[in-house]
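For reference, the structure is listed below as structure tokens.
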Amino acid sequence: MLKSEYLQRVYTQVVTRDPDQKEFHQAVLEVLESLDMIVEQHPEYEQKGIIETFVEPERMICFRVPWIDDEGKVHVNRGYRIQFSSAIGPYKGGLRFHPTVNLSILKFLGFEQILKNSLTGLPMGGAKGGSDFDPKGKSDGEVMRFCQSFMTELNRHIGQFVDVPAGDIGVGAREIGYLFGQYRRIRGSYDAGVLTGKGLEFGGSLVRTEATGYGLCYLTEEMLKCMRNDSFQGKTVVISGSGNVAIFACQKATQLGGKVVAMSDSNGYIHDPNGIDLDVVKDIKLGHRGRIKEYAERVPGSTYTEGFRNIWNVPCDIALPCATQNEIDGEIAKIIVKNGAMAVAEGANMPCRPEAIHVFQEAGLLFAPAKAANAGGVATSGLEMSQNSMRYSWTFEEVDAKLKDIMVNIFHNIYNAAEECGHSGDLVVGANIAGFKKVADVMLAQGLI
Ligand code: NDP
Ligand code: 2IT
């Protein structure tokens, strides 16, 4: 139960309207629980209907995506774009291609994206989209035809000043390339800023590929420094996933002096007590889209275990969940605590269930929530948009320095917000309040309702 009668009413309406959207309810409830601490000081939120407006997407687009496989058979997937909020800038957020994609998942992701983008300090609204298409096992030609069909409908809803999609699970440089090609052909106009995560030869930004994983480690390093007078140096790290976020989190954690001993994919995990050899992981995952199991066949001294959740049995000082939502429940969290971890930072979106976060905070672990910790990806997308507008490219070092600055600022911003509302050290509350206040102020200033 929420303390505020107003927030409880809003939450009940969210649940009643869409009773099946469990992930969306979870994301909304976490934010409303934080707002419960400040809503009394802001009677204007209720007077102006800010929160009931905030939890309802501005627009939800749902469309058919027919495509033809290599055998000539027709398949029909469902495509979506949730344009959640354009209060502080054009809609901005990734596209996910995964068989589990549905409205609940995309609404939770779009909702979190509003607050995350607000925290970056850059002018970006919140959105998310994607499809229940499964890129696994598909040929390049099939993925290309799917992307072209997807963009044939999506193109009319996006634009550099309207909505700027990017990657997420199952959508990387290959898919963004095909999507951009189709957009350009249909529109007859080279609008580089319509998508981010593009190839470096056609308007992409240096560091965008690395940005989410690097940013996660920059924020974690700042959190360790300011809250524990500590660092990655000498720490054992476990990272779930072995995709874009996990790979570059592994690279940066290692550069900062940590030892990453385990990574996973949806089938299972590898444990390498000598420290993960990232070149091998990159060769498997980026080189030929293989399975993580192959690592144990190639690297002596490492082992492979089936079941991706079992990775959290491997003891670590720092846990970086970088695969998917709700991968850590209360029971797994207890194992992580029992094994002596000191910090958890979310690279994936909402990887920890509410019970898990509770276990970590009760046990006194440092906990960095996704909307702050993984904001480096979209922040660098924002920097890609800036470069596209300038028709100019910054060097790797320039973008990396800006990314680091943004992550350090986010940490201090959320730390201070938690302190100001009397919840010192609770970065979940800090991130929700700091992210929300800016959006709410803009909604009030623009008279959106
Ligand atoms: P990728 O597709 O590159 O990699 C995803 C990884 O997670 C793979 O190892 C995949 O295993 C695993 N995974 C995906 N779904 C599941 C599942 N249902 N169960 C178990 N394992 C799963 O995606 P990203 O690295 O880009 O994204 C990872 C997370 O980070 C997501 O939560 C995403 O929303 C978030 N994120 C991504 C950003 C970005 O810039 N890319 C920015 C901010 C957040 P397998 O290959 O076996 O499917
Ligand atoms: O969840 C996320 O922040 C992303 N997938 C990145 C979005 C983006 O627009 O770069």
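What follows is calculated from the coordinates using simple rules that are stated; it is not laboratory data. What you see is a predicted model, and the numbers here were worked out from it, not measured in a lab. Here Cβ is always computed from backbone atoms with ideal geometry, including for glycine, and neighbour counts include all displayed protein chains.
Between residue 390 and residue 303, full extension at 0.36 nm per residue minus the direct alpha carbon distance yields a gain of 26.5 nm.
One Cα centroid belongs to the stretch 181-222, the other to the stretch 420-449; the line between them spans 28 Å. Computing FRET efficiency as 1/(1 + (r/R0)^6) for residue 18 and residue 326, where r is the C-beta to C-beta distance and R0 is 30 Å, gives about 0.95. Spacing of the modelled spin labels on residue 161 and residue 409, each 7 Å from Cα toward Cβ, amounts to 2.4 nm. If a paramagnetic tag sat 7 Å from the Cα of residue 228 along the Cα-Cβ line, which residues of the stretch 328-343 would have the backbone N under 17 Å from that point? The answer is 333-343, whose backbone nitrogens lie closer than 17 Å to the label point.
For residue 73, the lysines whose Cα comes closer than 22 Å to its Cα, not counting residues fewer than 8 places off in the same chain, are 136, 138. The HN-Hα couplings worked out from phi for the stretch 134-139 by the Karplus form 6.51 cos²θ - 1.76 cosθ + 1.60 (θ = phi - 60°) are 10, x, 4, x, 8, 6 Hz, whole numbers, x standing for Gly and Pro.
If the chain between residue 286 and residue 60 were fully stretched, how many nm would it gain, using 0.36 nm times the residue separation less the Cα-Cα distance?
Numbers: separation 226, 0.36 × 226 = 81.36 nm, distance 3.27 nm.
Contour length minus Cα-Cα distance gives 78.1 nm.
Between the stretch 334-377 and the stretch 43-93, the alpha-carbon centres lie 28 Å apart.
Order these by the 10 Å Cβ neighbour count, fewest first: 366, 106.
Numbers: 366 21, 106 29.
Ordered from fewest to most neighbouring Cβ atoms within 10 Å, 366, 106 come out as 366, 106.
Rounded to the nearest 0.05, what FRET efficiency do residue 73 and residue 29 have when you use their Cβ-Cβ distance and R0 = 56 Å? Show your work: numbers first, answer last.
Numbers: r = 42 Å, r/R0 = 0.76.
So the FRET efficiency works out to roughly 0.85.
In this label model, residue 398 and residue 363 are separated by 4.5 nm, measuring between points 7 Å along each Cα→Cβ vector. Measuring from a point 7 Å past the Cα of residue 255 along Cα-to-C-beta, which residues in the stretch 371-410 have an amide N at less than 12 Å? Only 396-404 fall inside the zone, counting backbone N under 12 Å.
3J(HN,Hα) along the stretch 336-348, derived from phi through the Karplus expression 6.51 cos²θ - 1.76 cosθ + 1.60 where θ = phi - 60°, amounts to 4, 5, 4, 7, x, 5, 10, 8, 10, 10, 8, x, 6 Hz, with x in place of Gly and Pro. Which of these, 151, 390, 227, has the largest mean-square fluctuation under a Gaussian network model of the chain (Cα springs below 10 Å)? Fluctuation is largest for 390. In sequence order, the stretch 57-67 has phi-based couplings of x, 4, 7, 10, 10, 9, 8, 8, 10, x, 8 Hz under the Karplus curve 6.51 cos²θ - 1.76 cosθ + 1.60, θ = phi - 60°, and Gly or Pro positions carry x.
When the trypsin sites (Lys or Arg not before Pro) in the stretch 342-449 are filtered for DSSP coil states and for at most 15 other beta-carbon atoms within 10 Å of their beta-carbon, the remaining sites are 391. Label positions at residue 334 and residue 48, each projected 7 Å from the Cα along the C-beta direction, are separated by 4.5 nm.
Close amide H pairs (under 5 Å, H built 1.01 Å from N) link residue 344 with 319, 366, 367, 368, residues at least 5 positions away or on another chain. Proximity of backbone amide H atoms, modeled 1.01 Å from N, is registered between residue 171 and 97 at under 5 Å, excluding neighbours fewer than 5 places apart on the same chain.
How many lysine pairs in the stretch 299-439, separated by 8 or more positions in sequence or lying on different chains, have Cα atoms less than 28 Å apart? For the stretch 299-439, the number of qualifying lysine pairs is 10. Overall, the stretch 289-361 carries a charge dipole of about 160 debye about its Cα centre when +1 sits on the Cβ of Lys and Arg and -1 on the Cβ of Asp and Glu, all other atoms neutral. Once the Cα-Cα distance is subtracted from the 0.36 nm per residue extended length, the residue 310 to residue 40 segment shows a gain of 92.9 nm.
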